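Below is one structure; the comments refer to it alone.
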Amino acid sequence: MTQQLSPETTENTAMLSNDPDWWRQAAVYQIYPRSFADADGNSIGDLAGITSRVPYLRELGIDAVWLSPFYPSALADGGYDVDDYRDVDPKIGTLEDFDAMIGTLHDAGIRLIVDIVPNHSSDRHEWFQQALAAGPGSPERERYIFRDGRGEHGELPPADWTSVFGGPAWTRITEPDGTPGQWYLHLFAPEQPDFNWHDADVREDFRTTLRFWSDRGVDGFRIDVAHALTKDLPDQLPSQAELDAMPKDGTHPIWDRDEVHEIYADWRTVFDEYSPPRIAVAEAWVASDRRPRYASAEGLGQAFNFDLLEADFDAAQFREIVTFNLELSATSGSSTTWVFSNHDVVRHPTRYGLPPKAADEDKAGINWLLSGGTEPQLDAAAGLRRARAATLFELALPGSAYLYQGEELGLHEVAEIPDASRQDPSFFNSGGAEIGRDGCRVPLPWTASGPSYGFGEAEAHLPQPAWFAEHAVERQEDDPGSTLSLYRRALHLRRQLQTDETLEWVDVGGDDVLAFRRPGGWVTVTNFGTTPAELPAGEVLLASGPLDGDVLPGETTVWLRD
Ligand code: NOJ
């Protein structure tokens with residue numbers, strides 16, 4: 001155990017300001033640690049690997065890193081099954097490595113947001129193990145959600161609920177005396193038992209965890225499944241069909257209950273113990289009009305807005321989403337968040353290279369993944385062209401932009417992962433009906449050759465396709481036309497051009513062309529169509545693709561100063 005660092009010793013390093021609003025228009029880069037860089041050659045990315053790549057992150061021009069879970073975990077759900085909230089997985093490092101990583105990031109002027117997973121622990125967490133050993137009715141069981149089964153001998157689950165990953169949401173345990181016993185609730189995998197947030201121990205322990213990482217200098221937290229913590233389950237449980245039919249207006253037994261905000265108001269008092277206050281962003285898949293509750297200044301402060309992620313590459317949809325979300329975030333005094341890709345969805349160049357989402361697709365690109373990348377036909381070049389245009393559009397918007405590792409390399413989703421190599425529990429729990437999220441979690445290519453394209457000395461923990469070579473960092477960094485160069489230039493320019501959080505739409509004619517101006521004369525024009533459009537007057541600062549005189553080609557964004 002290393003010595004704990006006080007906030008004072010880790011703050012105000014050379015390049016970090018004390019500005020409490022630093023997050024409002026930050027560019028935040030998500031690192032999925034096990035797939036970023038492997039320093040110790042065990043096939044799994046690690047904290048020392050991240051530290052070694054801080055110069056790369058600095059050159060990229062991001063303001064903060066959001067680090068997905070790095071805690072001890074059996075990896076039943078990619079680390080979102082946490083064994084111990086106040087330690088580092090020995091497979092990926094130590095607390096000393098964590099301190100070195102955060103120190104190096106801060107010295108480079110980059111803040112750190114870590115993932116907190118409060119809805120569920122792993123089944124290896126000491127509290128869950130104690131709950132199994134302690135027996136029904138014990139205080140140890142009260143920390144989770146245990147129920148007796150139905151049927152004469154309790155052999156039927158308390159309810160017929162399905163987990164988010166497929167398969168039943170209730171699993172039966174064996175009691176300490178060896179007899180079949182109670183059932184516990186897990187909204188996700190069986191290895192992820194849900195906490196009971198009505199229990200005082202649970203509340204106190206998460207306060208301790210928030211302080212533990214804040215004391216180590218962490219700048220903020222991304223809150224996993226922020227909308228499910230406070231369940232209110234009656235003795236007579238509703239069926240899945242009944243649950244599905246209930247409105248999610250604050251009264252649903254599981255999702256988005258109003259009293260969850262009491263927890264976040266409490267956390268806010270912890271965040272405000274620090275200077276600058278620690279920040280938080282909610283992952284809450286709720287109706288958009290309920291999002292500001294999570295983003296309020298008395299609560300978490302910011303909430304993910306996934307609306308662009310769910311949209312087609314389409315001018316009318318983009319305009320409506322931007323207008324709506326800027327107004328919505330203003331209602332809580334927060335800034336909005338723009339996201340195209342993360343570790344849970346098909347990468348956006350791939351989504352944009354496929355026909356618009358089919359009626360039977362829950363998420364775009366899923367049918368394509370299920371077919372092993374053969375059906376429908378992917379237009380990889382068009383997908384990347386649209387993704388680059390969308391990114392330049394995004395990076396000019398007011399609010400913060402959350403980028404996902406590898407999107408700066410223009411990576412597509414990997415469809416060709418053999419079933420034997422898959423890791424995602426949604427693949428196993430759905431019997432293969434869900435292909436899972438491994439295709440966006442394949443370790444990054446740093447070099448065009450080597451056992452894992454520079455990811456590490458050994459083969460990567462998920463197989464990398466041969467086409468990763470052409471996307472490698474080393475292939476792109478000196479190429480001014482590469483996607484990496486585009487991201488670097490855009491992120492550095494964005495820092496210089498950002499002003500207040502307003503934009504004004506500019507009418508440039510044509511349904512497929514969107515244009516907006518930020519204060520100071522920064523104009524962004526995107527041609528969502530395939531027909532060339534007229535380029536408005538102004539000094540060209542950056543373009544997502546080649547320009548043709550005073551013509552803006554199709555599927556291209558340009559930044560101008562007018
Ligand atoms: C949301 C996370 O982003 C996802 O990766 C995870 O599987 C679930 N929450 C459960 O923790």
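The values are calculated or read from the model by the stated rules, or taken from the named source; none is laboratory data. A quick note: this is a predicted structure, and the numbers were derived from the prediction, not measured. So basically every Cβ, Gly included, is an ideal-geometry build from the backbone, and we count neighbours across all protein chains shown.
Some values worked out for this structure:
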{"quantity": "Among residues of the range 130-139, those that are assigned to a helix (DSSP H, G or I) and either touching a Lys or Arg at 6+ places or on another chain (Cβ under 8 Å) or surrounded by fewer than 18 Cβ atoms within 10 Å (Cβ to Cβ) (or both), counted", "calculated": "5"}
{"quantity": "Residues within the range 240-255 that are outside any loop (DSSP other than H, G, I, E, B), in contact (Cβ under 8 Å) with a residue 12 or more places away in the chain and not aliphatic (A, V, I, L, M), tallied", "calculated": "1"}
{"quantity": "Residues of the range 407-416 classified as surrounded by fewer than 24 Cβ atoms within 10 Å (Cβ to Cβ) and either over 12 Å from THR350 (Cα atoms) or among the aromatic types (Phe, Trp, Tyr) (or both), total", "calculated": "2"}
{"quantity": "Enumeration of residues in the range 398-437 that are at positive phi and touching a Phe, Trp or Tyr at 6+ places or on another chain (Cβ under 8 Å)", "calculated": "GLY399, GLY436"}
{"quantity": "Residue among PRO180, PRO176, PRO157 that alone is out of contact with any Leu (no Cβ under 9 Å at 6 or more places or on another chain), over 22 Å from ASP77 (Cα atoms) and surrounded by fewer than 17 Cβ atoms within 10 Å (Cβ to Cβ)", "calculated": "PRO180"}
{"quantity": "Filter result (closer than 25 Å to GLN317 by Cα and in contact with a Lys or Arg (Cβ under 9 Å, 6 or more places away or on another chain)) within the range 526-552", "calculated": "PHE528, LEU542, SER544, GLY545"}
{"quantity": "Residue tally, condition in contact (Cβ under 8 Å) with a residue 24 or more places away in the chain, over 22 Å from GLU407 (Cα atoms) and either within 16 Å of the ligand (Cβ to nearest atom) or surrounded by fewer than 19 Cβ atoms within 10 Å (Cβ to Cβ) (or both), over the range 324-343", "calculated": "4"}
{"quantity": "Close pairs (7 angstrom Cβ cut-off, 6 or more residues apart or separate chains): without any contact (Cβ under 8 Å) to a residue 60 or more places away in the chain in the range 456-472, of a type in the set (Lys, Arg) and in a loop (DSSP other than H, G, I, E, B) anywhere", "calculated": "none"}
{"quantity": "Number of positions in the range 344-364 that are crowded, with 23+ Cβ neighbours inside 10 Å and out of contact with any helix residue (DSSP H, G or I) (no Cβ under 8 Å at 6 or more places or on another chain)", "calculated": "0"}
{"quantity": "Residue selected from the range 151-178 under the condition assigned to a strand (DSSP E or B) and in contact with a Gly (Cβ under 9 Å, 6 or more places away or on another chain), by the criterion nearest to ILE254 (Cα to Cα)", "calculated": "TRP170"}
{"quantity": "ARG86 within 17 Å of ILE113 (Cα to Cα) and in a helix (DSSP H, G or I)", "calculated": "no"}
{"quantity": "Of all residues in the range 108-129 being part of a strand (DSSP E or B) and within 16 Å of the ligand (Cβ to nearest atom), the one that is nearest to the chain's Cα centre (by Cα)", "calculated": "ASP115"}
{"quantity": "Single residue of the range 490-499 satisfying the filter (touching a strand residue (DSSP E or B) at 6+ places or on another chain (Cβ under 9 Å) and modelled with pLDDT of 95 or more) that is farthest from TRP22 (Cα to Cα)", "calculated": "ALA490"}
{"quantity": "Filter result for ASP38 (more than 14 Å from the ligand (Cβ to nearest atom), under 23 Å from the mean Cα position of the chain (by Cα) and not β-branched (Val, Ile, Thr))", "calculated": "yes"}
{"quantity": "Inter-residue pairs, beta-carbon under 9 Å, first over 15 Å from TRP446 (Cα atoms) and in the range 28-44, second of a type in the set (Asp, Glu) and surrounded by fewer than 23 Cβ atoms within 10 Å (Cβ to Cβ), 6+ apart", "calculated": "VAL28/ASP63; TYR29/ASP63; ASP40/GLU457"}
{"quantity": "Residue satisfying all of: in the range 240-263; among the small types (Gly, Ala, Ser) and over 18 Å from PRO158 (Cα atoms); surrounded by the most Cβ atoms within 10 Å (Cβ to Cβ) among these", "calculated": "GLY250"}
{"quantity": "Residue ID - surrounded by the fewest Cβ atoms within 10 Å (Cβ to Cβ), chosen from residues in the range 209-239 that are among the aliphatic types (A, V, I, L, M) and within 27 Å of the chain's Cα centre (by Cα)", "calculated": "VAL225"}
{"quantity": "THR162 vs. criteria under 30 Å from SER430 (Cβ atoms) and within 16 Å of the ligand (Cβ to nearest atom)", "calculated": "yes"}
{"quantity": "Hits in the range 396-407 (condition: outside any loop (DSSP other than H, G, I, E, B) and in contact with a strand residue (DSSP E or B) (Cβ under 8 Å, 6 or more places away or on another chain))", "calculated": "SER400, ALA401, TYR402, LEU403, TYR404"}
{"quantity": "Output for the range 203-239, where each listed residue is assigned to a helix (DSSP H, G or I) and either within 16 Å of the ligand (Cβ to nearest atom) or touching a Ser or Thr at 6+ places or on another chain (Cβ under 6 Å) (or both)", "calculated": "PHE206, THR209"}
{"quantity": "Count - residues of the range 78-98 that are more than 20 Å from VAL281 (Cβ to Cβ), buried (at least 21 other Cβ atoms within 10 Å of the Cβ) and within 16 Å of the ligand (Cβ to nearest atom)", "calculated": "2"}
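Yes/no matrix, rows are residues, columns are (1) touching a Ser or Thr at 6+ places or on another chain (Cβ under 7 Å); (2) within 16 Å of the ligand (Cβ to nearest atom); (3) under 19 Å from ASP38 (Cβ atoms); (4) in a loop (DSSP other than H, G, I, E, B):
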{"residue": "LEU411", "(1), (2), (3), (4)": "no, no, yes, yes"}
{"residue": "GLU416", "(1), (2), (3), (4)": "no, no, no, yes"}
{"residue": "ALA420", "(1), (2), (3), (4)": "no, no, no, no"}
{"residue": "GLN423", "(1), (2), (3), (4)": "no, yes, yes, yes"}
{"residue": "PHE427", "(1), (2), (3), (4)": "no, yes, no, no"}
{"residue": "GLY432", "(1), (2), (3), (4)": "no, no, no, yes"}
{"residue": "ILE435", "(1), (2), (3), (4)": "no, yes, no, yes"}
{"residue": "LEU444", "(1), (2), (3), (4)": "yes, no, yes, yes"}
{"residue": "THR447", "(1), (2), (3), (4)": "no, no, yes, yes"}
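A quick yes/no check of all residues on (1) assigned to a loop (DSSP other than H, G, I, E, B); (2) under 30 Å from PRO356 (Cβ atoms):
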{"site": "ALA284", "(1), (2)": "yes, yes"}
{"site": "PRO292", "(1), (2)": "no, yes"}
{"site": "GLU298", "(1), (2)": "yes, no"}
{"site": "PHE306", "(1), (2)": "yes, yes"}
{"site": "GLU310", "(1), (2)": "yes, yes"}
